[in-house]
1. Magnitude of the Cβ-charge dipole of the protein assembly as shown, K/R +1 and D/E -1, about the Cα centre, nearest 20 debye?
2. Amide H neighbours of A:Ser64 under 5 Å, counting only residues 5+ apart in sequence or on other chains, H built in-plane at 1.01 Å?
3. Per-residue Cβ counts within 10 Å, from other chains only, averaged over A:268-280: what number is that?
4. How many nm is it between the label spots at B:Glu188 and B:Lys217, if each spot is 7 Å from the Cα in line with the beta carbon?
5. Kirkwood-based Rg over Rh for segment A:25-76 (C-alpha set), two decimals?
6. Quantify how strongly other chains surround peptide A:238-250 by giving the mean number of their Cβ atoms within 10 Å of each of its Cβ atoms.
7. Under a point-charge model restricted to the Cβ atoms of Lys and Arg (+1) and Asp and Glu (-1), what is the dipole moment magnitude of chain B relative to its Cα centre, in debye to the nearest 20?
8. Rank B:Ala62, B:Leu77, B:Cys93 by how far each Cα sits towards the positive end of the charge dipole of segment B:26-104 (+1 on Lys, Arg Cβ; -1 on Asp, Glu Cβ) and give me just the farthest.
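The values are calculated or read from the model by the stated rules, or taken from the named source; none is laboratory data. It should be emphasised that the depicted structure is a prediction, and the values quoted were computed from it without experimental measurement. Every residue, glycine as well, gets a Cβ built from its backbone with ideal geometry; the counts of neighbours run over all protein chains shown. The protein model used for the area step is the full one, side chains on, heavy atoms only, and it has no ligands, DNA or RNA in it. Shrake-Rupley method; radii C 1.70, N 1.55, O 1.52, S 1.80 Å.
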There are 2 protein chains.
Amino acid sequence: MRGLWLAGGEVRFVPDLPEPGIEPDEALVRVLAAGICNTDLELVRGYYPYDGVPGHEFVGVADSLGAGVGADERERLLGRRVVGEINAACGSCRECRSGRPTHCLRRTVLGISARHGAFAEYLALPVRNLHAVPDAVSTDAAVFAEPLAAALEILEQVDVAPSDRVAVIGAGKLGILISQVLALTGCELSVVARSRSAGVDLLTSRGIHVCSTDEVKGRSIDLAVECTGNPEGYRIARAALRPRGTLILKSTYAGRLDVDPSAIVVDEITVIGSRCGPFRPALRLLERGQVSVEPLVEARFPLDQGPAAFERAARPGALKVLLEVGGP
Amino acid sequence: MRGLWLAGGEVRFVPDLPEPGIEPDEALVRVLAAGICNTDLELVRGYYPYDGVPGHEFVGVADSLGAGVGADERERLLGRRVVGEINAACGSCRECRSGRPTHCLRRTVLGISARHGAFAEYLALPVRNLHAVPDAVSTDAAVFAEPLAAALEILEQVDVAPSDRVAVIGAGKLGILISQVLALTGCELSVVARSRSAGVDLLTSRGIHVCSTDEVKGRSIDLAVECTGNPEGYRIARAALRPRGTLILKSTYAGRLDVDPSAIVVDEITVIGSRCGPFRPALRLLERGQVSVEPLVEARFPLDQGPAAFERAARPGALKVLLEVGGP
């Protein structure tokens with residue numbers, strides 16, 4: 001099959017990759033479209049050692065199912081458009097048994113760890129990871145199910161009250177999704193953006209307040225979400241927080257943070273790391289049109305121009321770059 | 001009055017300090033005994049700029065009350081043994097109005113910030129900060145009300161379930177109080193101590209498991225409490241945590257932490273700073289004998305030997321050093 005291959009920090013197009021085999025509980029998914037995420041760019045930069053097919057945001061069609069998949073699941077999935085949770089869990093380790101399958105100790109992660117990803121004609125995932133895409137959700141929009149689920153993870157972790165003052169630091173791809181999700185709570189929301197972009201215009205058009213760092217009053221914010229992917233974002237978020245405020249870390253990147261532990265103690269700050277989230281609510285928000293994602297598509301590339309797509313996605317301020325992999 | 005004076009990183013005994021004046025809502029407290037805390041030692045080391053009378057753990061007698069204090073409060077406090085919350089709040093700022101008086105934006109803090117402390121014959125505090133000491137609680141034990149309240153703050157901030165696996169890193173003065181408080185929940189508790197001490201013996205005698213760093217299995221702990229006062233304690237606590245575990249920071253010290261933000265995101269760790277806590281439950285635990293504190297008294301010094309008391313308290317592994325200030 002045709003696909004992209006990441007090795008030694010370089011992404012190449014390969015015309016003749018082997019198709020992935022499937023386990024009895026897995027589906028072979030024919031990829032329609034896939035999105036490039038900051039984590040993909042960080043993998044290229046060496047944030048985490050991974051050689052293989054990258055990509056974890058996708059929409060595909062469940063083309064064939066393993067021998068162990070029952071009739072109900074066949075009915076639910078076979079031949080349908082699907083999106084997929086990226087952590088394939090063992091189901092039996094301590095974390096799985098404790099209800100934390102995204103933290104499975106033996107997990108593979110689509111396009112990130114020990115499982116080939118979505119920037120190829122086919123991928124394999126356990127059927128329990130797959131969700132059928134409602135007809136009302138376009139294929140472009142469904143590519144955003146994975147990052148939208150990650151945005152929703154914040155609301156799985158902390159209660160956001162309608163009267164809370166919330167700041168999102170960073171108006172990149174993920175920041176814009178997080179901002180739209182948090183705005184649904186009715187909270188008093190400020191999004192800190194460095195410059196104007198189509199994403200900022202989208203937020204503004206939806207009545208969401210976008211501002212510069214200087215406009216965020218220090219020590220005033222109940223909940224700050226860092227999604228810039230650099231230590232400066234942490235510093236802005238930390239300075240904005242009121243005593244006993246909460247700081248969500250949302251970006252994975254190769255870098256360290258220099259933290260003042262005493263100030264965290266004196267101000268009794270809570271810092272929470274936040275990663276993958278729930279797909280069903282993400283699909284519901286897309287189906288109901290409660291978040292707008294299609295304006296975030298900045299460019300489309302065919303699979304064999306994958307390296308150029310990565311270059312485009314790495315431009316400062318770039319929004320979502322899609323790889324168009326297969327036809328419907 | 002006689003008292004200690006901290007300036008330029010040096011503690012001196014001064015025989016003729018002025019007595020503190022009191023505001024209409026304050027009490028003049030004649031100090032009986034006071035304890036030296038790690039924060040006092042950190043102030044000497046320059047963790048925070050403070051010139052004045054240090055000391056914030058004390059028991060005293062409410063000798064006189066301001067003109068604005070009503071009859072009920074006089075009845076409750078005058079002539080009685082009292083302990084006191086150390087943050088004097090304005091009552092009107094945004095934090096006070098939001099129910100966070102320990103984070104008052106205009107607060108003074110006994111012996112730490114803009115308010116002379118307890119290592120002197122007299123101190124002044126608002127009467128609303130004072131709690132009468134039950135007769136069943138000795139003066140020695142009541143000195144521990146303040147750090148015991150700080151230990152209880154953890155349970156104000158997080159739910160600890162009886163089946164949780166908990167690790168306390170550090171068996172110093174505060175670590176021993178925290179360990180005893182957490183043990184009351186029934187949790188599976190391990191206290192990481194570097195060496196044997198009277199405090200470790202106290203924990204062991206109460207059936208609390210004390211161990212070395214090597215004995216804490218990595219990625220296995222639900223809640224880890226860092227109270228060593230150094231970055232190594234953070235590293236031990238962090239390594240012990242399971243995915244989605246909680247790390248409580250309890251120490252204030254002059255130093256920085258080098259944190260891997262991506263690992264916090266990937267493991268969805270929660271880090272919470274924790275400071276001053278509730279006095280009433282602390283006094284209840286002391287009255288009921290549910291925690292043992294008197295074995296932690298390592299040495300006693302009269303006030304005029306304050307500098308020697310600080311030296312003793314700064315010895316590695318030292319437990320509580322008391323200053324005996326006034327007679328009953």
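1. So the dipole magnitude of the protein assembly as shown works out to roughly 60 debye.
2. A:Leu28
3. Taking the mean over all residues of the peptide, I get 5.
4. A separation of 0.7 nm, rounded to one decimal place.
5. Here the Rg-to-Rh quotient is 1.13.
6. Mean partner-chain Cβ count within 10 Å for A:238-250: 3.
7. 460 debye
8. B:Cys93
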